[in-house]
Amino acid sequence: MNDREEYGLLEPEEGEGEDFGDEWEEIDVSDTEADRIARKRDREFAEFRKRLKDADQFKVEQSVFDDATFAAIYKLVQDGYIEAFGGPISTGKEANVYEALGAEDRDVAVKIYRINASNFQQMREYLEGDPRFEGIGSDKKKVVLAWTKKEFANLRRAKAAGVRVPEPIAVERNVLVMELVGLVEDRARRLAEVDVENPETAFEVVREYMRRLHRAGLVHGDLSEYNLIIHDGELVVIDLGQAVTVHHPNAEDFLERDCRNVAAFFTRQGIDVDPADLQAFVTEAEPEP
Ligand SMILES: Nc1ncnc2c1ncn2[C@@H]1O[C@H](COP(=O)(O)OP(=O)(O)O)[C@@H](O)[C@H]1O
Ligand SMILES: [Mg+2]
């Protein structure tokens, strides 16, 4: 078998056996249970939505979360993935991140993509050319849903490849539940916000994670000190929504940019990092076992 040849996905000389990156799962973005809940609007859902809308931490968001987003949260609560909401951790361009209490008293992070605020034209460019999203089209809702599922799938794949990422827990429509890195009272910092105590080691870890990601068939696509968080001496790679498979027509450009960002950051930390060397390290073929 060789899907790679069939789809012209990877240069055969570079093939490294059946690596993870060449399998790709279809990602289904058809109508979700949450959409059905939102349509039905039964009393229980209506009450839930009202409670959530009235909760302090959601006050600002009233106008941006639509009913189907509330329904997605409702479904996650019903399924036991979310017990209670804590405060917002971040309000980004495309998504808001909240801390919450998950199953078995575990703290989780809930990332909610906003269907309307999303820069979906840009999202489409990342999705197009990713074999997992063939024929996604230009429906705004579908694009954002696909994006959320992609982040979930990317986190899973990265984790399987030995990259420290937040453990993905559940995804429903435009809402993603994952492990909360850091404690509720002690938010994990981005690499950009801390004094990196040992930049050499930090760089070696980041470099190794980039290589593992690449060997798992992924390019992060937005890697920098802003999407690396550090907690309890651990470096964690986050924000994998835009990560593409190595077969994406722009994968190499994205990788080059990631390497430039990472090299620039560590150069500012006083170590001599050349972006081209970094890229060569990341893309170096896996040694034969
Ligand atoms: N799993 C997580 N655990 C702890 N903090 C997180 C987690 N995911 C995101 N954050 C926080 O939320 C911020 C935004 O999340 P990110 O996934 O980078 O979204 P954005 O697309 O808005 O940049 C991060 O910089 C980080 O501070
Ligand atoms: Mg980010």
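The values are calculated or read from the model by the stated rules, or taken from the named source; none is laboratory data. Bear in mind that the values here come from a model prediction, so they are computed numbers and not experimental data. Glycine gets a Cβ as well: all are built from the backbone with ideal geometry, and neighbour counts include every protein chain shown.
General remarks:
- Per the conditions (1) over 24 Å from residue 69 (Cβ atoms); (2) hydrophobic (A, V, I, L, M, F, W, C); (3) within 16 Å of ligand 2 (Cβ to nearest atom), the sole criterion not satisfied by residue 155 is (1).
- Note on region 150-164: among residues that are in a loop (DSSP other than H, G, I, E, B) and among the hydrophobic types (A, V, I, L, M, F, W, C), the one that is nearest to ligand 1 (Cβ to nearest atom) is 163.
- One residue alone among 253, 272 is part of a loop (DSSP other than H, G, I, E, B) and either at negative phi or within 15 Å of ligand 2 (Cβ to nearest atom) (or both), and that residue is 272.
- One residue stands out in region 223-249 among those that are surrounded by fewer than 17 Cβ atoms within 10 Å (Cβ to Cβ) and assigned to a loop (DSSP other than H, G, I, E, B): the one that is nearest to ligand 1 (Cβ to nearest atom), namely 226.
- Across region 89-142, the number of residues qualifying as closer than 20 Å to residue 249 by Cβ and either within 16 Å of ligand 2 (Cβ to nearest atom) or not charged (D, E, K, R) (or both) comes to 14.
- Answer residue from region 252-281, given it is more than 20 Å from the chain's Cα centre (by Cα) and aliphatic (A, V, I, L, M) and is modelled with the lowest pLDDT among those: 271
- Among the residues of this structure, residue 218 does not count as one that is assigned by TED's automatic domain parsing to the domain that holds residue 277 and over 16 Å from residue 156 (Cβ atoms).
Yes/no matrix, rows are residues, columns are (1) buried (at least 22 other Cβ atoms within 10 Å of the Cβ); (2) more than 17 Å from the chain's Cα centre (by Cα):
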| residue | (1), (2) |
| --- | --- |
| 167 | no, no |
| 171 | yes, no |
| 175 | yes, no |
| 198 | no, yes |
| 207 | no, yes |
| 212 | no, no |
| 215 | no, yes |
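- Residues being loosely packed, with under 15 Cβ neighbours inside 10 Å and within 14 Å of ligand 1 (Cβ to nearest atom) - total across region 65-90: 2
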